[in-house]
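Working notes, structure below.
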Amino acid sequence: SEGGFLLFGVSGHAHINIGDTSFDLRPHHVQIIFPADFVQVEQRSDDFCCQVLSYNDTLLREACRNLEASVFHLLRNVRFQLNNDYLSDTAVLLFQQLSLIQKHLSEESWRSVVLLQLMSFFVTFNDYALHEHLIGNFKTNRKHELLRQFFELLEEHYQTQREVTWYASQLCIT
């Protein structure tokens with residue numbers, strides 16, 4: 001996918017492959033799909049329905065700016081489906097709020113609301129991950145994490161991007 005998606009199962013079920021990992025999206029399950037993920041829907045029931053919040057990589061970067069690196073790593077690399085009541089309730093509220101206000105907002109206001117909703121969801125996931133000991137006591141040093149991300153960007157873009165400001169914007173720093 002070009003953008004990312006937050007999927008919330010409403011009814012029925014669908015078998016979804018994200019990369020080489022498979023999931024069944026069912027009612028009250030939440031699935032995060034990141035930009036550049038390869039997604040394939042193999043099977044779905046006739047009554048399958050899900051709510052979708054789409055976002056681009058810039059919005060995702062902004063929403064995750066203050067998220068602990070270990071939590072983001074868990075979201076991004078340890079693929080599993082979020083079917084916890086706490087996260088499900090958060091997703092229900094998120095989609096209810098968005099559906100109530102979408103038609104009343106300008107495009108820029110809509111972008112701000114989506115950003116805040118994504119941030120809210122990620123903060124809730126952070127709380128859930130800490131409570132469930134999914135990330136243990138591992139804490140990432142912010143400077144170390146920024147340096148790691150910088151070297152990844154540098155390795156990928158050194159031939160085309162030479163401006164420090166470009167790398168800073170990719171890392172959401174000044």
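The values are calculated or read from the model by the stated rules, or taken from the named source; none is laboratory data. What you see is a predicted model; the values in this text were computed from it and never measured. Don't worry about glycine lacking a Cβ; one is built from the backbone with ideal geometry, like all the others, and counts go over all protein chains shown. Please note that ligands, DNA and RNA were not included when accessible areas were found on the heavy atoms of the full protein model with its side chains. Shrake-Rupley method; radii C 1.70, N 1.55, O 1.52, S 1.80 Å.
Pull out all pairs, ordered by first then second residue, where Cβ-Cβ is under 9 Å, the residues are six or more apart or on different chains, the first lies in the range 150-174 and is at positive phi, and the second is open to solvent by 60 Å² or more (accessible area, probe 1.4 Å).
What qualifies is Cys172/Arg61; Cys172/Arg65.
Going residue by residue through the range 119-132, is there one that turns out to be modelled with pLDDT under 85, exposed (fewer than 10 other Cβ atoms within 10 Å of the Cβ) and not aromatic (Phe, Trp, Tyr)?
No, the conditions are met nowhere in the range 119-132.
In the range 1-28, what residues are in contact with a Leu (Cβ under 7 Å, 6 or more places away or on another chain) and either assigned to a loop (DSSP other than H, G, I, E, B) or without any contact (Cβ under 8 Å) to a residue 40 or more places away in the chain (or both)?
Once the filter is applied, which keeps residues that are in contact with a Leu (Cβ under 7 Å, 6 or more places away or on another chain) and either assigned to a loop (DSSP other than H, G, I, E, B) or without any contact (Cβ under 8 Å) to a residue 40 or more places away in the chain (or both), the range 1-28 yields His13, Ala14, Ile16.
Against the conditions (1) over 15 Å from the mean Cα position of the chain (by Cα); (2) aliphatic (A, V, I, L, M); (3) open to solvent by less than 40 Å² (accessible area, probe 1.4 Å); (4) modelled with pLDDT of 80 or more, where does Val41 fall short? Just the number, please.
All conditions pass for Val41, except number (3).
I'm checking my understanding of the structure. Among residues of the range 64-93 that are hydroxyl-bearing (Ser, Thr, Tyr) and over 20 Å from Ser54 (Cβ atoms), which one is modelled with the lowest pLDDT?
Within the range 64-93, the first condition is being hydroxyl-bearing (Ser, Thr, Tyr), and the residues that meet it are 70, 86, 88, 90.
Those left that are additionally over 20 Å from Ser54 (Cβ atoms): 70, 86.
Working: Ser70: 69, Tyr86: 77.
Among residues in the range 64-93 that are hydroxyl-bearing (Ser, Thr, Tyr) and over 20 Å from Ser54 (Cβ atoms), the one modelled with the lowest pLDDT is Ser70.
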